[in-house]
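Everything below concerns the one structure shown next.
What follows draws every value from the coordinates through simple rules; no lab data is involved. For clarity, every value in this text was computed on a predicted model and none was experimentally measured. Glycine also receives a Cβ, built like all others from the backbone with ideal geometry; neighbour counts cover every protein chain displayed.
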Amino acid sequence: MRAVWYDRQGPAHDVLEIGELPDPVPGTGEVRVRLRYSGINPGDTKKRLGWLGSQMPFPRVIPHSDGAGVIDQVGDGVDPNRIGQRVWVYNAQSYRQFGTAAQCTVVPDATAVTLPDNVTDRVGACLGIPGITAHRAVFADGPVTGRTVLVHGALGAVGSMAIQLAHWGGATVVSTVRRSADITRLTGPAATRAVALDSTDPVAAIREHAPDGVDRIIEVGFSDNVDLDAAVARNGAVIAAYATRDGRPGFDFWNMLFDNITIRLLGSDDFPAESKHQAARDLTTAASVGALTPLIADPLPLEQAAAAHEQVDSDNRRRVLLAIPD
């Protein structure tokens, strides 16, 4: 099969290689997916770079955890009727050696999720890491029907998914962007109640949309926004954070304690298995009814994997995909 891989960590153009590797064979409980698109996330490029001192988990890695394609082989214990099904996959390179930057990948049966006929392969390849992270951020602490949810980073992959999922779940959604100029880039439910964090008084602007405070806060910049979050949180609110600029953030402990604020930290590789399965079911349903519409850049060919990684690491606001050749 044609594949992209790296045998050492470093810059994309230095370490990514493209060539032929043996076709993988599914083991017990596994399926093989012939891929059409591979979805790239910041976590994929960070693993390649050795972010936070991470080491090579295997001597060779085919990157990327997300993708979409068709099941063409199944291992022992898997229903053979799955052969020929269109699927989207997640966690393909989570604690596993070979991800989706290849013509084929092998994954556990449960992480190859049937893709409805009315959902495109491109959308399917965008659902994995961002969608599952967004789903847990929004729903881990219960339904959001009738709740007010504040989502930071409305233009990001996780933030945009969280906004759409919270809206689909019946919440009133307030979204934020870093710069006032970015407000005009928002569409759909993200644009309805939008606040720029560089405005004169973002707390007051959020309070205009949520005078009684917000119930859930989806946070991409915990260390930068925690004081603002505390100022707009309703008593008993949850701050669900999946990223931070400062790895050792400080916050006003007593004021947050008296407001009974819960801080939930989200590391997507290690979410409980049933949480991932429920997220996959809900993401598929939401996509099938048009409630999830990721903004996707024109896919790049497999041979341009290094350029695709650089797109992800730039201030790109569209999902980056590789088109996999037949």
Problem set entry | From phi via Karplus (6.51, -1.76, 1.60), per-residue ³J(HN,Hα) for region 20-26 in Hz, x at Gly/Pro | 9, 10, x, 5, x, 10, x
Seminar exercise, completed: With the dipole of the chain defined by +1 on each Lys or Arg Cβ and -1 on each Asp or Glu Cβ, the option from Leu257, Leu228, Gly50 whose Cα lies farthest towards the positive pole is Leu228
For this session: Averaging sequence separations of C-alpha pairs under 8 Å and six or more residues apart, then dividing by the length of the chain, give the relative contact order as a whole percent.
Result: 18 percent
Seminar exercise, completed: About its Cα centre, region 54-178 carries a charge dipole, from +1 on Lys and Arg Cβ atoms and -1 on Asp and Glu Cβ atoms, whose size in debye to the nearest 20 is 420 debye
Seminar exercise, completed: Given Cβ charges of +1 for Lys and Arg and -1 for Asp and Glu, the option among Val144, Val119, Pro108 whose Cα lies farthest towards the positive end of the dipole of region 60-154 is Val144
Seminar exercise, completed: Expressed in angstrom and rounded, the centroid-to-centroid distance over alpha carbons for region 188-210 and region 36-82 is 37 Å
Seminar exercise, completed: Projected onto the charge dipole of region 177-265 (unit charges on the beta-carbon of Lys, Arg, Asp and Glu, signs +1, +1, -1, -1), the Cα from Tyr242, Ile217, Ala196 with the largest positive-side position is that of Tyr242
Problem set entry | Extension gain, Leu49 back to Glu208 (0.36 nm per residue minus Cα-Cα distance, nm) | 53.0 nm
Exercise. To the nearest 20 debye, what is the magnitude of the charge dipole of the chain about its Cα centre, counting +1 on the Cβ of each Lys and Arg and -1 on the Cβ of each Asp and Glu?
Worked result: 240 debye
Exercise. Points 7 angstrom from Cα along the Cβ direction at Ala191 and Ala231: gap in nanometres?
Worked result: 2.8 nm
For this session: Run the numbers on region 136-269 and let me know its relative contact order in percent, using alpha-carbon pairs under 8 Å that are six or more apart.
Result: 22 percent
Exercise. Given H placed 1.01 Å from N in the peptide plane, which residues other than close sequence neighbours of Val214 have an amide H under 5 Å from its amide H?
Worked result: Ala233, Arg234
Seminar exercise, completed: Quick calc of log₁₀ I(q)/I(0), the chain, Debye, one scatterer on every Cα, no solvent, q values 0.09, 0.15 1/Å, result -0.47, -1.19
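May I ask you to sort His167, His135 by Cβ crowding, counting other Cβ atoms within 10 Å and putting the fewest first? Before the final figure, lay out the partial values.
On the way: His167 22, His135 27.
In order of increasing Cβ crowding within 10 Å: His167, His135.
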Seminar exercise, completed: With Cα coordinates, the longest principal axis of the chain makes an angle with the long axis of helix 157-168, in degrees rounded to 10, of 70 degrees
Problem set entry | Magnitude of the charge dipole, region 240-326, Cβ model with Lys/Arg +1 and Asp/Glu -1, debye to 20 | 240 debye
For this session: Could you state the angle between the C-alpha long axis of helix 273-288 and the longest principal axis of the C-alpha atoms of the chain, as a value from 0 to 90 degrees rounded to the nearest 10?
Result: 90 degrees
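Which order results if Phe222, Phe253 are arranged by neighbouring Cβ count within 10 Å, fewest first? Don't skip to the answer; put the middle values down first.
Values: Phe222 23, Phe253 8.
Ordered from fewest to most neighbouring Cβ atoms within 10 Å, Phe222, Phe253 come out as Phe253, Phe222.
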Exercise. Taking other Cβ within 10 Å of each residue's Cβ, how do Leu292, Leu150, Leu155, Leu321 sort, fewest first?
Worked result: Leu155, Leu292, Leu321, Leu150
Problem set entry | Acute angle (nearest 10 degrees) that the helix 129-139 long axis makes with the longest principal axis of the chain, alpha-carbon atoms | 40 degrees
Seminar exercise, completed: 1/(1 + (r/R0)^6) with r = Cβ-Cβ of Met56 and Ala273, R0 = 25 Å, i.e. FRET efficiency to nearest 0.05, evaluates to 0.45
